Amino acid sequence: MAFPPRRWLFAAFLVLAVAAVAFESTRRRPEPVEPVGSPPPSHANETARLEGGFRWSTTRAGKALFDLLAGRLLGLEGGVHLLDDVQALRIYLDDGRVVLLNARRGRLNQAIDQGAGVRISLLDQVEVVDPDGAHLLTDELIYDSQSRELRAPGSAVVTQPGKIEAELGSFVYRPDSRVLEIRQRVRLEPVGGGGWVVESSRANYRLATGEMVFPAPLRVSGGAQTLIAAGATVSLGDPSEETTFRGRGPILAWGGQPHRRWQMAAAGIDGQFAGQPLEPRTFLAQGPISLVSLQTLEGVSRRSVLNASQLEWQPVPGAGHSYRAGPGFRLRTSPPTVSEAYQITGQWLEVIEDPRGSPTELRAWEQIRIDAPGGSAAEGRELRWAREDTGRVVLYGQPARAWRGEDLVEAPRLVFERRRRVLIGEDGALTEIASMHGDEGALFEGNEPVRVRSGSVEMPQSPTGVIVFEGSVQAWQAATSLRAQRLVVDQQQKTLRATGGMHLRLESRRKGGSGGEQTRTVRIQGQALNYSAVSREAVIEGQASYEEPGGQTVRADRIMILRGRPGGVERMEARGSVRLVAPGAHGGGDLLQWEGGEQGMVILKGIKQLARLALPPGRVIEAEEIRYDLASGEVSTMGRAVFQGGEGQSQKGEKP
């Protein structure tokens, strides 16, 4: 069948068009691939899944609350979402700053009332970076967007450059208030702390200020020092700043070195540390304070107890450290050679110690009182002691006073020589001595104490020792007085020695003829006086003189007097350049003997030359021995004799 030409052309065009479309379709077909399939759900209640990374942002009232960046999210029924590869949880603070968290995995929970927020749990190697530079590392951390709190149920580590490294138990971190509340256990090591460690069960760390508050009991230890307190606040400064510690009591601290141990109880304590490593700068313990120390040197122990209202400790450049106690303190110390303790009380006390803890200086001032073993005591304005002048303690006052039983010493400066156990009053002393009066045979016979004014006095702590007065000594009791440059009183031997321009005015009382008392005063002078209350013997040497109230006077190089009872002269012996002045007679010789008192017998003897006695009117007797009866006025001689004036040349029995 033949086709017309037009129809043939149309058919050819249609065939070519179909062939072209078929060719083009065959040329552009991709390679055949496997169909894309979804894995089966990992949980039966799985509702959603995001993989390959996602971001979750939350706002409130137009302000960003947090951003969550993670690699994978798996949604479950009930609003729970499981997270993997948590790259960042950014929590935005009220001031616009950001707290950054990251972890290996996590969990996000919306299964709470609408509007109550979300809860995000981060797990495995959770790291928190605070805007103030603090880092927290833990294994689990829970963020509640409603309370805006981060909670760690397990242990953690917190570090803040230049401030702390701390091991924590469970904690709550409140980013907006910048507070880390530690609820179980905390072990704090300040950066550069030099071994200082603080341990407690609870604490609140204020990250912005670097302040750690311990509301529960804590323990602070460093080297050999330990402190336990009921609570405390630690302010952690940068390396260039001070770290402060403020503890509240009761507080108990102890420590020391091999040769010195100490223990302290206090109601509170403030301390400052600085440097690298941290070294204490000051400590202020508030009272009541009790500080007990035990020091052992060369096998000898000394114990001291200090009680005060407060105690301040601080280093002394190049000398160690010092501590100051007051206002109001009491110090009890037991020297190694004394079984009983010394006690010092007053308002203020300052002690400087060397780096080994041994005292080098001590100063106490205001209302000072010292109580020593054996009943001795002292009071003054200021007390000083220095190791350079070891064994001497100086007490100043206006005046300072010291007691030993009934004896009293007053002086502007009192020195205690601990090794010799004596008290020295200097710069003008006034002394009252009860032991110098009242005993039978005592030079001072009255019943009141003997008062002695001198440039200085040295009084032993023992009531049987030797008392030494020096420098313009004046001793008196009623009308009896003694002056000399030096006076030595031996309380055990009951002797007295006065030297240097000695003047003695001796008053004694005796019964008169009518039954009343008569007062008798004699004056004795010399360069030295030795008196024994036991033998009642007085020896005057060096230009010695003795003057009776009736005018009898004896002068010699040496005079020995035996006192009678009560108080008169029972016997006298004078030697060397003897001169006698008596009523109606005067004379001299090498030796004078006087017996029987003022109504007794005077015997003049000539050894190198004849004794001489002049009698009125103009008679002179010279003899080897002249006897003069004071009561009757009779004169007799023995041995060779020469008479001048008057009548007769008798050897004895001559009457004036």
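Quick check: net charge around Arg419, other residues with Cβ under 13 Å of its Cβ, Lys/Arg +1 and Asp/Glu -1?
Every neighbour counted, the sum reads +2.
Around Ala48, under 14 Å between beta carbons, what's the net of Lys plus Arg minus Asp minus Glu among the other residues?
Net of charged neighbours comes to -1.
Sum up the charges of everything whose Cβ sits under 12 Å from the Cβ of Arg505, counting Lys and Arg as +1 and Asp and Glu as -1, but leave Arg505 out.
Every neighbour counted, the sum reads +1.
Any aspartates and glutamates with Cα under 15 Å of the Lys63 Cα? List them, leaving off those in the same chain fewer than 8 positions away.
Counting by Cα, and skipping residues close in sequence, Lys63 has these aspartates and glutamates nearby: Asp94, Asp95, Asp176.
For Gly633, which sequence-distant residues (separation of 5 or more, or a different chain) have an amide H within less than 5 Å of its own amide H, given hydrogens modelled in the peptide plane?
Sorted by chain and number, the residues that satisfy this come to none at all.
Considering only protein heavy atoms and a probe of 1.4 Å, how much of the accessible area of segment 96-190 is carbon and sulfur, as a whole percent?
Of the solvent-accessible surface of segment 96-190, carbon and sulfur hold 43 percent.
Could you name the aspartates and glutamates whose alpha carbon sits less than 13 Å from that of Lys494, not counting residues in the same chain fewer than 8 places away?
Correct list for Lys494: Asp439, Glu440, Glu537.
The values are calculated or read from the model by the stated rules, or taken from the named source; none is laboratory data. Note that this is a predicted model, so its numbers are computed, not measured. Quick reminder, even Gly has a Cβ in these numbers, built from the backbone with ideal geometry, and neighbours come from all protein chains shown. Areas reflect the complete protein model, heavy atoms only, side chains present, ligands, DNA and RNA absent. Shrake-Rupley method; radii C 1.70, N 1.55, O 1.52, S 1.80 Å.
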